[in-house]
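Here the structure comes first, spelled out in structure tokens, and everything after it is commentary.
The values are calculated or read from the model by the stated rules, or taken from the named source; none is laboratory data. Here the structure is a predicted model, which means the values were calculated and not measured. Cβ placement follows ideal geometry from the backbone for every residue including glycine, while neighbour counts extend to all protein chains displayed. Side chains are part of the model used for accessible areas, which takes the heavy atoms of the whole protein and leaves out ligands, DNA and RNA. Shrake-Rupley method; radii C 1.70, N 1.55, O 1.52, S 1.80 Å.
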Number of protein chains: 2
Amino acid sequence: MHLFYQPHENLFELDEEEAKHSSKVLRLGSGDIIYVTNGKGLLQKCILNVQARKVGYEVVESSLIPRRNFEVVIAVAPTRKAERNEWMVEKLTEIGVERIDFLVSEHTNPETLNRVVNQVRLNRIAASAMKQSQQYYMPVITVNNKFDTFIKDASEDSRLIAYVPEQNKVEHVFSRVRKNSSTLLLIGPEGDFSNREVELALEQGFSTVSLGPTRLRTETAAIAGCHAINLAQGLS
Amino acid sequence: MHLFYQPHENLFELDEEEAKHSSKVLRLGSGDIIYVTNGKGLLQKCILNVQARKVGYEVVESSLIPRRNFEVVIAVAPTRKAERNEWMVEKLTEIGVERIDFLVSEHTNPETLNRVVNQVRLNRIAASAMKQSQQYYMPVITVNNKFDTFIKDASEDSRLIAYVPEQNKVEHVFSRVRKNSSTLLLIGPEGDFSNREVELALEQGFSTVSLGPTRLRTETAAIAGCHAINLAQGLS
């Protein structure tokens, strides 16, 4: 199944990069069948119609794939390396995530922020991972969310912060997931959240959760947390 | 806690790269406290003794950290990109794995194998991830395991293969883990295992398991599978 992404529903034409991929890599031509999603659940079966460099298509079947009956939101303070943030977005998308919010926390270096979190690039990576894992919903990616206002505005059913206070045992995120509801999980930066930030989150109704016995890097923590939530939702 | 890796117990000296890290990055000098592990459970508290470029240490306390009471083994057909295999080893180590076996399966390209699976580099990455996540056991990494002989020799308590036959529903790996025992999970390459390989595994007593509803890349599948096994073992 050759799945393509075209966010504009009425264009009936692949974007330049995808057009090139269809002809140069997959060697598809006029008359071949492709599938196109808008990243919002629409799945279209299409017939290719190639004219010079323009790769158009005609929709022959169309269906709306329902959303999952739960929602996973990962809010994460970016790592200092662009590459690791990009890996994280790819893996979160593959595993299943509705939204990825990049936080600006006290231990975030504002000078490097725009370099390490490039929203255009991250969207492209998410689109590619969505297609690769054959999903039909694009995660929404937001950047530059100030920690304090972000947690005050959070409205998910379960609001969790990955943080293990010294000498305290907290439950694993897996055990804190409520079925068929929305879960927001906050993941701290290298150097973790500040005490003030953790306290602020607790005041706002967040619960601290553990991600297991080993100390994980930021991007690994995000992936493990996202996977645990998906697992808890998916098991009957 | 500054943790270093020195596999040779009687050398009492950091290797070149670690020595450089201790002085140039961490700016440690004679008299400072470091911790050294041999990657086999030995944890030593040491006092640094720096003489020119030689970074020696004296052990002041020593303890043997017990192994976990379960074992996770991931056997995976390498992806075609060295970078993805390296990332996978880093993340598996962080999450917790006793052994990583790279398989040569029918859909493995033998020509690129040595380029994409460099054991020396992978060991270095595992050592770094072990230190970073503050663990004291190095995963054992083996390469060039021929699929057929590998599965015949496998002796783990649970032997699982991530494979979802068409029109069949199989249980998630999470549900197939037996407490306090060893689990081997096979992860296929891009293009998956061949039908013959899957049949051979089933003949040898392997069970097919699912890794969830989305289609995961090889390295993501390995990480998700490893994480699910750790999770199932860790929850009381």
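Descriptive notes on the structure:
- Computed with a 1.4 Å probe over protein heavy atoms only, the accessible area of A:Glu171 comes to about 100 Å².
- DSSP bridge pairs, chain B: antiparallel proportion in percent, nearest 5: 40 percent
- Table column - 3J(HN,Hα) (Hz), the stretch A:62-73, Karplus curve with 6.51, -1.76, 1.60, x for Gly and Pro: 9, 9, 9, 7, x, 5, 5, 8, 8, 9, 10, 10
- For the stretch A:148-164, 3J(HN,Hα) per residue [Karplus equation, 6.51 cos²θ - 1.76 cosθ + 1.60, θ = phi - 60°, Hz, x = Gly/Pro]: 4, 6, 4, 6, 5, 8, 4, 10, 5, 4, 10, 10, 10, 10, 6, 6, 10
- Cα convex hull volume per residue for the stretch A:170-236 (Å³): 89 Å³
- On the beta carbon distance between B:Ala82 and A:Ala82, with R0 = 22 Å, the FRET formula returns roughly 0.70.
- Against the empirical 2.2 N^0.38 Å (N residues), the stretch B:135-194 has a Cα radius of gyration ratio of 1.31.
- Stokes-Einstein diffusion for chain A at 20 °C, viscosity 1.002 mPa s, with a Kirkwood radius from C-alpha pairs, works out to 112 µm²/s.
- Shown for the stretch B:129-164: residues covered by the partner protein chains by 10 Å² or more of accessible area relative to the chain by itself (probe radius 1.4 Å), namely B:Gln132, B:Ser133, B:Gln134, B:Gln135.
- Residues B:Lys169 and B:Gln204, FRET efficiency given R0 of 22 Å [Cβ-Cβ distance, rounded to 0.05]: 0.45
- Expressed in units of 2.2 N^0.38 Å, where N is the residue count, the Cα radius of gyration of the stretch A:3-64 is 0.99.
- Local electrostatic count at A:Arg215 - Lys and Arg +1, Asp and Glu -1, tallied over other residues with Cβ under 15 Å: -3
- Size check on the stretch A:43-108: the Cα extents along the three principal axes, sorted descending, read 52, 35, 17 Å.
- Choice from B:Glu16, B:Glu90, B:Glu106 showing the highest fluctuation, given a GNM over chain B with Cα pairs closer than 10 Å: B:Glu16
- Using Cβ point charges alone (K and R +1, D and E -1), the dipole size of the stretch A:71-234 about the Cα centre works out to roughly 400 debye.
- Around the amide H of A:Ser207, modelled in the peptide plane, lie the amide H atoms of A:Arg159, A:Leu160, A:Ile161, all under 5 Å away and 5 or more residues distant in sequence or on another chain.
- Cα pair distances in the protein assembly as shown, grouped into 10 Å bins until the bin that holds the longest one, percent each: 4, 18, 27, 27, 17, 6, 2, 0
- Solvent-accessible surface (1.4 Å probe) assigned to A:His2 amounts to roughly 70 Å².
- Probe 1.4 Å, protein heavy atoms only - accessible area per residue of the stretch B:1-46 in square angstrom: 57 Å²
- Of A:Lys131/A:Lys179; A:Lys179/B:Lys169; B:Lys20/B:Lys45; A:Lys20/A:Lys91; A:Lys40/B:Lys81, those spanning more than 29 Å from alpha-carbon to alpha-carbon: A:Lys40/B:Lys81
- Linear extension gain, B:Arg178 paired with B:Val140, 0.36 nm per residue minus alpha-carbon span: 11.5 nm
- Residue-wise HN-Hα coupling along the stretch A:203-220, computed from phi with Karplus coefficients 6.51, -1.76, 1.60 (Hz; x: Gly, Pro): 4, 8, x, 6, 10, 7, 9, 9, 10, x, x, 9, 7, 9, 4, 3, 5, 5
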